Amino acid sequence: MNITIVGTGYVGLVTGTTLAEMGNSVYCVDIDEKKVEGMKQGIVPIYEPNLEEMFLRNIQANRLFFTTNLKEALDKSEVIYLALPTPPGEDGSADLSYVLKVAGDIGAMMTEYKVVVNKSTVPVGTADKVRETIAAKTDIPFDVVSNPEFLREGFAVEDSMNPARVVVGASSQKARDIMADIYQPFTNTGVPIIFMDEKSSELTKYAANSFLAVKITFMNEIANYCEKVGADVDKVRLGMGSDDRIGHRFLFPGIGYGGSCFPKDVKALIKSGKQEDFNFKILEATESVNQQQKVILVSEIEKYFDGILTGKKIAVWGLAFKANTDDIREASSLDNIKILLEKGAEIVAYDAIAEENVRKILGDKISYAKDMYSALDGADCLFIATEWPEFKNPNFKMMAERMNHRAIFDGRNMFPLELPESNGFFYKSIGRRT
Ligand code: UGA
């Protein structure tokens, strides 16, 4: 099948590459000429494990193309995926201007039947708005489908090649049949495809992300309570997760959830609720608990230094909002660094992948180390903000030799308690005894 993907951000690029890998001819459209030129030459514009290999393979196989010309791609394709940004407006609601602009362009340019598939995370009712926008520009028949994306950054290729399910919101049988054809290589291997109406499909995406945000936040509150009563959240987590109604995944406590999805989607669902006079009390509580959780270790660092952080040198391991990505949007590291700087501390950060993005925001307000150990030279403590695998089994002796004080504040529960402690470190993590 010939497919157009409009928008080569995270979701668009991975979806396009995956669909090409399944044997389709995929035309990726973007307005950013420089980016399109780069992609034509084989440059992957995002950091994502295993993507480059699949991307290059499909370019070479003549199944993956890039262009700034929407009309050219549209004329070749029966199915057009919209993978456009829906950033939060000032009030937290999703800004649909990119989606609706392209919908209008499609309406104006199409010359035969098309299926327009919305992959972006959009509020309930957006499929209707897209439909109205296209219909205002053409009399040619078309269908609008909602097909939310559930991939995680850092596991994008893995998740898109092995999805837990495919959700398709479509009211027309013709569109359902076309979507069933596209996803046949997946359903063939047992992946369920769940058909529903467009609104339910749009809400499924928000409900799934918000539920996971609640799950993490619930565990963060349990972790904080563990500290009050002397329980160990790692044990509680294992005990709870073994019940398959709960499951082990997304039960890891830490310094809050970040990234480009959970914070934005929780806010947007709260906002959509308000528009219908509906209060998502659980989500409001989740948001406020998460805000506190992100910086929960700052007061512990202050306590350790008797309230005085002026002139203290703090090493930060990890800047990305989670491991395996260069994304720093809503990263807890940034909230912590901001407060620590305000309190007079000096920050030396290390993150091999996300450093470049942080430099664009913080510039020389902090310094950057070339490796994890040199970040520790003369440091008064270490703060761990991201669970990069390279931090999992460090050489504690070498760390101790380089640091001024042996103190670790770990926002990701990277080590068994006895490991840093047996090497003479003060070790504060989340939901476990100090
Ligand atoms: C999330 C969802 O997991 C995807 O299914 C969804 O498609 C995506 O949003 C999206 O809407 O595009 P992502 O933002 O890439 O994916 O990252 P996650 O792996 O879900 O992590 C989100 C945040 O939760 C991170 O800050 C992570 O550190 C935190 N987290 C995750 C925890 O604190 N504890 C956990 O147990 C799991």
Counting only helices (runs of 4 or more DSSP H) wholly inside segment 134-189, the ones holding at least 2 residues that are within 12 Å of the ligand (Cβ to nearest atom) are 156-161
Kindly list, by first and then second residue, each pair from a residue in segment 230-250 that is touching a residue at least 12 places away in the same chain (Cβ under 8 Å) and closer than 17 Å to ARG433 by Cα to a residue that is small (Gly, Ala, Ser) and surrounded by 14 or more Cβ atoms within 10 Å (Cβ to Cβ), limited to pairs with Cβ atoms under 6 Å and residues at least 6 apart or on different chains.
VAL233/ALA223; VAL233/GLY431
Criterion: away from the ligand (no atom under 13 Å from the Cβ) and not hydrophobic (A, V, I, L, M, F, W, C) - qualifying residue of ASP232, ASP265
ASP232
Those residues that are surrounded by fewer than 15 Cβ atoms within 10 Å (Cβ to Cβ) and under 18 Å from the mean Cα position of the chain (by Cα), I need them from segment 45-94; list them, please.
PRO49, ASN50, PRO87
Which listed residue, of ILE282, ILE216, ILE255, ILE270, is over 24 Å from ALA164 (Cα atoms) and either near the ligand (Cβ under 10 Å from one of its atoms) or assigned by TED's automatic domain parsing to the domain that holds ALA180 (or both):
ILE255
Working only within segment 136-166, note down all residues that are exposed (fewer than 15 other Cβ atoms within 10 Å of the Cβ) and small (Gly, Ala, Ser).
ALA136, ALA164
Does TYR225 meet the test of being aromatic (Phe, Trp, Tyr), assigned to a helix (DSSP H, G or I) and either at pLDDT 95 or above or not assigned by TED's automatic domain parsing to the domain that holds ALA156 (or both)?
yes
Looking at (1) under 27 Å from the mean Cα position of the chain (by Cα); (2) closer than 30 Å to SER120 by Cα, find the lone condition where ALA315 falls short.
(2)
Would you say PHE250 is within 16 Å of the chain's Cα centre (by Cα) and either surrounded by fewer than 18 Cβ atoms within 10 Å (Cβ to Cβ) or within 14 Å of the ligand (Cβ to nearest atom) (or both)?
yes
All but one of (1) out of contact with any Lys or Arg (no Cβ under 6 Å at 6 or more places or on another chain); (2) surrounded by 20 or more Cβ atoms within 10 Å (Cβ to Cβ); (3) of a type in the set (Ser, Thr, Tyr) hold for SER332; state the number of the condition that does not hold.
(1)
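Here is a yes/no grid of residues against (1) over 18 Å from ILE80 (Cα atoms); (2) among the acidic types (Asp, Glu):
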site: ASP30; (1), (2): no, yes
site: MET39; (1), (2): yes, no
site: VAL44; (1), (2): yes, no
site: GLU48; (1), (2): yes, yes
site: PHE55; (1), (2): yes, no
site: ASN58; (1), (2): yes, no
site: PHE65; (1), (2): no, no
Taking GLY318 as the residue in question, decide whether it is small (Gly, Ala, Ser), assigned by TED's automatic domain parsing to the domain that holds PRO389 and within 16 Å of the ligand (Cβ to nearest atom).
yes
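The values are calculated or read from the model by the stated rules, or taken from the named source; none is laboratory data. All of these numbers come straight from a predicted model, not from anything done at the bench. Here Cβ is always computed from backbone atoms with ideal geometry, including for glycine, and neighbour counts include all displayed protein chains.
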